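Enquirer: Got a structure for you, written out below as structure tokens; questions coming shortly.
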Amino acid sequence: MLYDVAVVGSGFSAIAVTINLLRSMPDGTAIAVVGDDVDFGRGTAYRTEFHLHRLNVPAARMSVFCDVPDDFRQWLASNGRPSDAQVFASRGDYGLYLRDRFAALLRERRQGVRVDFLKSKAKECMRRAGDGYSFHLTNDTRLDVKSVVLCLGLGNADLPVAGADASDRIVANPWRLKWLSTVEPEEEICILGSGLTMIDQVLAMREHGHKGRIHVLSRRGLVPLPHATDAPPAISQRLPEHREISAILRSLRDQVRQGSDWRAVMDGLRPHTQALWQSLRREQRSRFLRHGLAWWNIHRHRLAPPVRQRFEALLEDGTVVVHAGYLKVMEQHGERVRMAFRKRGRPDMQELAVDRVINCTGMERAGLKHSPLLLSMQQAGILLPDTLGLGIIVDDGSQVCDVDGKAQQGLYAVGALTASQFWEITAVPDIRVQAKDVAERVAAGR
Ligand SMILES: Cc1cc2nc3c(=O)[nH]c(=O)nc-3n(C[C@H](O)[C@H](O)[C@H](O)COP(=O)(O)OP(=O)(O)OC[C@H]3O[C@@H](n4cnc5c(N)ncnc54)[C@H](O)[C@@H]3O)c2cc1C
């Protein structure tokens with residue numbers, strides 16, 4: 001059969017697009033959702049059951065509907081959970097919220113819109129003669145559709161040292177949580193990367209009874225900062241005319257030096273971020289990624305205060321030690337992993353021998369190589385990778401561009417895959433706006 005729309009993926013982007021399609025497509029529409037994750041909508045972020053795996057965005061900004069901003073708080077209240085605007089709910093609860101809202105819409109539209117879940121992965125996509133697209137799925141079936149929304153998230157970055165192979169001692173992808181149950185309580189661990197994924201893994205290990213030392217190694221050794229308990233109001237920003245990154249950063253720093261709260265300054269930048277990104281030339285973006293990204297991430301993607309407190313306690317008692325340096329050697333020797341890194345700003349090397357290494361270096365900037373689907377589309381000329389590794393090229397309506405840079409009718413992408421166009425497009429407050437826009441474009445046949 002020919003479906004009207006295929007939503008490819010099972011994470012937040014996919015459920016947000018499907019929810020918006022349910023709201024905007026006419027009766028008689030057939031939607032195929034392609035994905036093999038167990039719980040639709042949870043993706044990597046919201047399938048956790050650890051209590052301290054909290055949202056890093058306050059409840060007031062986590063509604064899946066951008067036009068009903070209080071919706072998540074209402075769900076929290078009606079399920080007996082704390083529902084203040086500034087509460088950082090658990091990510092597991094957020095997954096339940098998404099499931100409930102989706103189920104309610106599905107019930108409402110049961111007669112009008114058909115949604116079929118195809119438990120499989122899409123491995124190839126090509127243009128159909130005439131119009132629309134054809135997929136080959138990993139269960140060896142074929143799917144024909146008029147429009148497509150790719151909601152694939154990002155793959156995990158490769159191990160940062162050439163020649164190092166993943167093993168039970170070197171965990172290349174921490175989101176496959178099976179490794180956690182094999183960790184012995186006294187093991188000495190090294191986590192590569194010091195961002196939000198690292199924090200998640202540290203807390204998950206402690207919940208699992210791990211008691212040993214945890215080394216954290218990243219090039220700058222910077223760890224995400226916390227939200228304020230009482231969030232200061234955002235300070236509205238007038239960006240300097242001269243759009244050099246250094247001038248913008250200087251203007252932000254000056255405001256902080258003159259006494260403004262840094263969180264309020266960062267939050268004031270938020271409404272301008274996408275336009276600012278789009279105004280940067282390739283070299284400016286590249287310079288920002290090289291020199292500014294680590295600082296951006298720790299100030300912009302902040303931790304819920306109780307999570308940061310828990311992490312700080314582990315720093316203070318010496319359980320967690322953060323190192324700034326460049327990893328040069330990582331190889332398994334029997335049951336241990338030998339590592340050597342050059343300390344930041346110093347010529348000397350430091351050696352470490354640990355029981356296990358966990359790779360938490362990158363959900364944010366992986367290329368296409370992890371995805372057979374994206375590689376096949378690249379080969380077919382129906383997508384163009386971003387040369388800085390920020391997903392694929394899309395136009396300002398999230399339509400995927402072909403090898404010649406031309407937007408293709410009926411082919412869209414949502415979420416982190418579109419970071420080259422929108423930059424800040426990894427979190428719910430941004431993705432929900434994009435999901436609504438794309439669903440409305442699909443419904444309007446644009
Ligand atoms: C640990 C963590 C915590 C986070 N916390 C927050 C938070 O508190 N607040 C917030 O706003 N944001 C948070 N984020 C950001 C988060 O990325 C987004 O909120 C959102 O979950 C992204 O969803 P996604 O669907 O785009 O990607 P993902 O959740 O990665 O989902 C991608 C899906 O695509 C599927 N897929 C991939 N390839 C194929 C294929 N070929 N065929 C079929 N399916 C395929 C995958 O199996 C997966 O289900 C967090 C992210 C992480 C990783």
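The values are calculated or read from the model by the stated rules, or taken from the named source; none is laboratory data. Since we're looking at a predicted model, the values are computed, not measured. Every residue, glycine among them, receives a Cβ derived from its backbone with ideal geometry; neighbour counts consider all protein chains shown.
Enquirer: Consider Val357 against the criteria (1) at pLDDT 95 or above; (2) among the aliphatic types (A, V, I, L, M); (3) surrounded by fewer than 19 Cβ atoms within 10 Å (Cβ to Cβ); (4) closer than 30 Å to Pro174 by Cα: it satisfies all of them except one. Which criterion is unmet?
Expert: Answer for Val357: the failing condition is (3).
Enquirer: Provide a single number: the residues in segment 1-30 that are within 20 Å of the chain's Cα centre (by Cα) and surrounded by fewer than 24 Cβ atoms within 10 Å (Cβ to Cβ).
Expert: Looking only at that region, the number is 1.
Enquirer: Within segment 117-131, can you find the residues that are at pLDDT 95 or above and either surrounded by 19 or more Cβ atoms within 10 Å (Cβ to Cβ) or under 13 Å from Asp4 (Cα atoms) (or both)?
Expert: Hits for segment 117-131 are Leu118, Lys121, Ala122, Cys125.
Enquirer: Would you please name the residue that is farthest from the chain's Cα centre (by Cα), looking only at residues in segment 36-62 that are among the hydrophobic types (A, V, I, L, M, F, W, C) and outside any loop (DSSP other than H, G, I, E, B)? If you could, list the steps in order and put the result at the bottom.
Expert: Restricting attention to segment 36-62, the residues satisfying the condition of being among the hydrophobic types (A, V, I, L, M, F, W, C) are 38, 40, 45, 50, 52, 55, 57, 59-60, 62.
Now drop any that are not outside any loop (DSSP other than H, G, I, E, B), which leaves 59-60.
Details: Ala59: 18, Ala60: 20 Å.
Filtering segment 36-62 for residues that are among the hydrophobic types (A, V, I, L, M, F, W, C) and outside any loop (DSSP other than H, G, I, E, B), the one farthest from the chain's Cα centre (by Cα) comes out as Ala60.
Enquirer: Could you check Thr44 against (1) within 11 Å of the ligand (Cβ to nearest atom); (2) touching a Lys or Arg at 6+ places or on another chain (Cβ under 9 Å) and say which number it fails?
Expert: (2)
Enquirer: A follow-up question, please. Can you pull out every residue in segment 297-313 that is surrounded by 17 or more Cβ atoms within 10 Å (Cβ to Cβ) and of a type in the set (A, V, I, L, M, F, W, C)?
Expert: Ile298, Leu303, Ala304, Val307, Phe311
Enquirer: Any idea which of Asp168, Asp144, Asp230 is modelled with pLDDT of 95 or more, over 30 Å from Arg346 (Cα atoms) and out of contact with any Pro (no Cβ under 7 Å at 6 or more places or on another chain)?
Expert: Every option except Asp144 fails the conditions.
The rows are residues; the columns are (1) within 8 Å of the ligand (Cβ to nearest atom); (2) of a type outside the set (Ser, Thr, Tyr); (3) at pLDDT below 95; (4) more than 21 Å from Leu373 (Cα to Cα).
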residue: Gly9; (1), (2), (3), (4): yes, yes, no, no
residue: Val33; (1), (2), (3), (4): no, yes, no, no
residue: Val38; (1), (2), (3), (4): no, yes, yes, no
residue: His53; (1), (2), (3), (4): yes, yes, yes, yes
residue: Phe65; (1), (2), (3), (4): no, yes, no, yes
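Enquirer: For segment 284-382, list the strands (runs of 3 or more DSSP E) that sit wholly inside it and hold at least 1 residues that are more than 30 Å from Leu152 (Cβ to Cβ), of a type in the set (Gly, Ala, Ser) and in the same structural domain as Ile189 (by TED's automatic domain parsing); which are they?
Expert: Values: elements: 320-333, 336-343, 349-354, 356-359.
It comes to 320-333, 336-343, 349-354.
Enquirer: Can I ask one more? In this structure, is Ser78 within 16 Å of the ligand (Cβ to nearest atom), hydroxyl-bearing (Ser, Thr, Tyr) and over 16 Å from Pro429 (Cβ atoms)? Step through it out loud before you land on a result.
Expert: Working: within 16 Å of the ligand (Cβ to nearest atom): no; hydroxyl-bearing (Ser, Thr, Tyr): yes; over 16 Å from Pro429 (Cβ atoms): yes.
For Ser78, the condition - within 16 Å of the ligand (Cβ to nearest atom), hydroxyl-bearing (Ser, Thr, Tyr) and over 16 Å from Pro429 (Cβ atoms) - is not met.
This table checks each residue for (1) buried (at least 21 other Cβ atoms within 10 Å of the Cβ); (2) in contact with a strand residue (DSSP E or B) (Cβ under 9 Å, 6 or more places away or on another chain); (3) in contact (Cβ under 8 Å) with a residue 60 or more places away in the chain.
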{"residue": "Arg142", "(1), (2), (3)": "no, yes, no"}
{"residue": "Val148", "(1), (2), (3)": "yes, yes, yes"}
{"residue": "Ala172", "(1), (2), (3)": "no, yes, yes"}
{"residue": "Lys178", "(1), (2), (3)": "no, no, no"}
{"residue": "Ser181", "(1), (2), (3)": "no, no, no"}
{"residue": "Glu186", "(1), (2), (3)": "no, no, no"}
{"residue": "Ile191", "(1), (2), (3)": "yes, yes, yes"}
{"residue": "Arg220", "(1), (2), (3)": "no, yes, yes"}
{"residue": "Asp230", "(1), (2), (3)": "no, no, yes"}
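Here is a yes/no grid of residues against (1) within 16 Å of Ala231 (Cα to Cα); (2) assigned by TED's automatic domain parsing to the domain that holds His291; (3) surrounded by 17 or more Cβ atoms within 10 Å (Cβ to Cβ):
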position: Asp261; (1), (2), (3): yes, yes, no
position: Asp267; (1), (2), (3): yes, yes, yes
position: His272; (1), (2), (3): no, yes, no
position: Ala275; (1), (2), (3): no, yes, no
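Enquirer: Looking only at segment 11-31, which residues are more than 8 Å from the ligand (Cβ to nearest atom) and in a loop (DSSP other than H, G, I, E, B)?
Expert: Hits for segment 11-31 are Met25, Pro26, Asp27, Gly28, Thr29.
Enquirer: Based on what the data block shows, is Asp84 surrounded by fewer than 19 Cβ atoms within 10 Å (Cβ to Cβ), acidic (Asp, Glu) and more than 15 Å from the ligand (Cβ to nearest atom)?
Expert: Details: surrounded by fewer than 19 Cβ atoms within 10 Å (Cβ to Cβ): yes; acidic (Asp, Glu): yes; more than 15 Å from the ligand (Cβ to nearest atom): yes.
Yes, satisfied.
Enquirer: If you don't mind, another one. Looking only at residues that are within 11 Å of the ligand (Cβ to nearest atom) and not in a helix (DSSP H, G or I) in segment 396-446, which one is nearest to Asp70 (Cα to Cα)? Let's see the steps before the verdict.
Expert: Residues of segment 396-446 within 11 Å of the ligand (Cβ to nearest atom): 413-419, 424-432, 434-435.
Checking the rest, the ones that are also not in a helix (DSSP H, G or I) come to 413-415, 424-427.
Values: Ala413: 27, Val414: 23, Gly415: 22, Glu424: 22, Ile425: 21, Thr426: 21, Ala427: 17 Å.
Within segment 396-446, the match that is nearest to Asp70 (Cα to Cα) is Ala427.
Enquirer: I'd like the full set of residues that are hydroxyl-bearing (Ser, Thr, Tyr) and within 12 Å of Lys121 (Cβ to Cβ), limited to segment 134-162.
Expert: Selection gives Thr138, Thr141.
Enquirer: For segment 119-138, give me each residue that is part of a loop (DSSP other than H, G, I, E, B) and within 11 Å of the ligand (Cβ to nearest atom). Talk me through it step by step, then tell me what you get.
Expert: Taking segment 119-138 first, the residues part of a loop (DSSP other than H, G, I, E, B) are 119-121, 128-132, 138.
Hits for segment 119-138 are Lys119, Ser120, Lys121, Thr138.
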